[in-house]
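The values are calculated or read from the model by the stated rules, or taken from the named source; none is laboratory data. From a predicted model like this one, the values you see are computed outputs, not experimental measurements. Note: ideal-geometry Cβ built from the backbone for every residue, glycine included; neighbour counts use all protein chains shown.
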Amino acid sequence: MTDNLSTFALHGGSQAINNKCQNLGMTYPPSAVSSAPDHVPEKVARVYVQAEEAEKRNHLDTAAMGYRKTIDIGLKAFAPDVRGDFGPRINKLAEDGKLPPALKDWCHQVRLLGNEGTHELDEPAAEDVADLAGFTQSVLEYLFTMPKRVEDRKAAAAAAAAKAKR
């Protein structure tokens, strides 16, 4: 056993395996496929997946910026008339009743933590980026996933009711 471990270490160990996998365009160990919550618009989902992939690779600055951008462009679908800063867009959506107070606070947390990833010299903490990921997923589910599920449920109920009348 020791001879096998010595040979493994002598030839670069796990780093050698990782390097060979990278040269082949593979990841070792294989990681789960990233995906955005259901019914998220394609452009928003693309940025979310990029942020998630950056987080998996421990690229915390990039992940923080990506989660921030995900919410920023996701909210633009609901307040396209609000130009410029992200903060006023969050506040406008809350004033218009499109974001409940807790989600408004979460969006501001994503904005502030994402700003740290963008503007600060120090890398954000992994725990903060994990919080950003969770906040971002919850906001996307509230804005895009849940309304579509409710719509689909109502349509199914209406179809069942129509069928029952026949």
- Task: Mind listing just one residue for me: the one in segment 77-87 that is closer than 21 Å to LEU113 by Cβ and out of contact with any helix residue (DSSP H, G or I) (no Cβ under 7 Å at 6 or more places or on another chain) and, of those, surrounded by the most Cβ atoms within 10 Å (Cβ to Cβ)?
- Result: ASP85
- Query: Are there any helices (runs of 4 or more DSSP H) wholly within segment 1-100 with 2 or more residues that are of a type in the set (Val, Ile, Thr) and at pLDDT below 85, and if so which?
  - Reply: 2-10
